[in-house]
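In what follows, a structure is listed as structure tokens, so that the remarks can point back to it.
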Amino acid sequence: MIPVIKDTVLSHLWMTESQFYGFLGICESTPGPIAVNLATYIGYGQGGFLGSVLAVLGVTLPSFIIIILIAKVLKSFSSNKYVTAAMSGIRPVVAALIVWAGLSFLLSTVSDVSEHGADIKKIVIFLTVAIIYFISVFIFKRKLSSVVLIILSAFAGLGICMLFDTANI
Amino acid sequence: MIITLFLTFFKIGLFTFGGGYAMISHIREEIVEKKQWTDSNELSDIIAVAESTPGPIAINLATYIGYKKAGFFGALAATAGVIVPAFAIILCISLFLDGFMENKYVSYAFEGIKCAVAFLILKAGIEMYIQLKKNLFTVAVFFSVLAALAILDFFSVSFGSVLFIALGGIAGITFFIVSSRLKGSKND
């Protein structure tokens, strides 16, 4: 989806390419669907508040309508034995896609672009987050919610980066 | 119900950093584990639909789950819930906080959040695999898709995930037909 947005934005001269990539970085660190973030920002830049509302509506409506239609159709097909058979092949694919998305996100996060190697700081942060989670599961016998984990990880990132700063690594 | 849907997806939208896949771990937690509106396998079907249709995955997921729980207005409430936090925060950023992201400490905190997001996506995928109805066929599909993705990535080629979903569907139907033939011939 992002390449399509990029082409549209550049061809309308709404943003320059470097502005676009700069903002994409912001989108990745703000909550919510990236497409909605982009639509809000570009819409606001072009037409103020109303522009951002219309841009968000524009990016949401097609998928909203399509999904409602599909949900209606799927309801009547869900007991069909061929649909069930297809789903039994699709479920492991979805699990694999998500595991891979997590792995490649992790790899791109911990690899350091400037030094062509691994970023030790981020590996330390990742391991800290993982250890916090497993301690909560195995020692305190309760799962940390993902919201709590995200908030803790923000502090872990802050603490570990500042530690590395003072150690001058 | 409509208000619960809106609030649930508002919370999910507020804590989804890094796009659709990151949202899946929140959805699993809120909708499968806490509210039990659906189970792990059905969520996997919904994700397959969301992946194979145009539009942002997060919107597709919210619309589908909202529709399933409370019809058209449920879909509307869930979708609005996931959009409003993103919309409001970006609006604030473009209004006041131009230098916000350049702040050193803010960027440090986001380094941490990125690592947590990677962890949460991995966790969601592995949990999905664990809750799969496992037999030789599903395990083989899981590992061959994972291997294919790794090999393709190594050569910097990427096919859309829709292709893998379609192949998985075809494999599922083929396996069903072949195995029911085999059973049939045994019974004869």
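The numbers here are math on the coordinates, done by the rules we state, and not lab data. On a predicted model such as this, the values are computed, not experimentally measured, just so you know. All Cβ positions, even for glycine, are placed from backbone atoms using ideal geometry, and neighbour counts span all protein chains on display.
Would you pull out the residues with amide H under 5 Å of A:SER111's amide H, same chain only if 5 or more places away, H placed 1.01 Å from N?
Residues meeting the amide H criterion: A:ASP119.
Output the 0 to 90 degree angle, nearest 10, between the alpha-carbon long axis of helix B:104-130 and the longest principal axis computed from the alpha carbons of chain B.
Its long axis makes an angle of about 20 degrees.
Run the dipole for the range B:2-132 about the Cα centre, Lys and Arg Cβ at +1, Asp and Glu Cβ at -1, nothing else charged, and hand back the magnitude in debye, nearest 20.
The dipole magnitude comes to about 220 debye.
If each DSSP helix of 4+ residues adds -39,500 (n - 2.57) and the sum is divided by the residues in chain A, what number results at 222 nm, nearest 500 deg cm²/dmol?
The helix contribution divided over chain A gives -28500 deg cm²/dmol.
Can you compute 3J(HN,Hα) from phi for each residue in the range B:171-184, using the Karplus curve 6.51 cos²θ - 1.76 cosθ + 1.60 with θ = phi - 60°, rounded to whole Hz and x for Gly and Pro?
4, x, 5, 4, 4, 4, 5, 4, 6, 6, 4, 4, 4, x
Taking amide H positions as placed in the peptide plane 1.01 Å from N, state which residues far from B:THR16 in sequence (5 or more) or on other chains have amide H under 5 Å from it.
Hits under the 5 Å cutoff: A:GLY32.
Cα axis of helix B:57-95 to longest principal axis of chain B: angle in degrees, 0 to 90, nearest 10?
Helix B:57-95 and the main axis of chain B meet at about 40 degrees.
Can you check what the net charge comes to around A:LEU106, using other residues whose Cβ is under 12 Å from the Cβ of A:LEU106 (Lys, Arg +1; Asp, Glu -1)?
+2
What net charge is computed for the residues neighbouring B:ALA140, neighbours being all others with C-beta under 14 Å from the C-beta of B:ALA140, Lys and Arg scored +1, Asp and Glu -1?
Net of charged neighbours comes to +3.
Enumerate the calculated ³J(HN,Hα) couplings along the range B:143-150 in order (Karplus 6.51 cos²θ - 1.76 cosθ + 1.60, θ = phi - 60°), each rounded to whole Hz, writing x wherever the residue is Gly or Pro.
Couplings: 6, 6, 5, 4, 5, 4, 4, 5 Hz.
Taking only DSSP H segments of four or more residues, each worth -39500 (n - 2.57), what value at 222 nm results for chain B once the sum is divided by all its residues, to the nearest 500 deg cm²/dmol?
-27000 deg cm²/dmol
Among B:LYS34/B:LYS69; A:LYS72/B:LYS34; A:LYS143/B:LYS114, which pairs are too far apart, with a Cα-Cα distance over 24 Å?
A:LYS72/B:LYS34
Within chain A, which DSSP H helices have Cα atoms that stretch 27 Å or more along the helix axis and a mean Kyte-Doolittle hydropathy of at least 0.5?
Qualifying helices, which must be both long enough and hydrophobic enough, are A:34-77, A:81-110, A:146-167.
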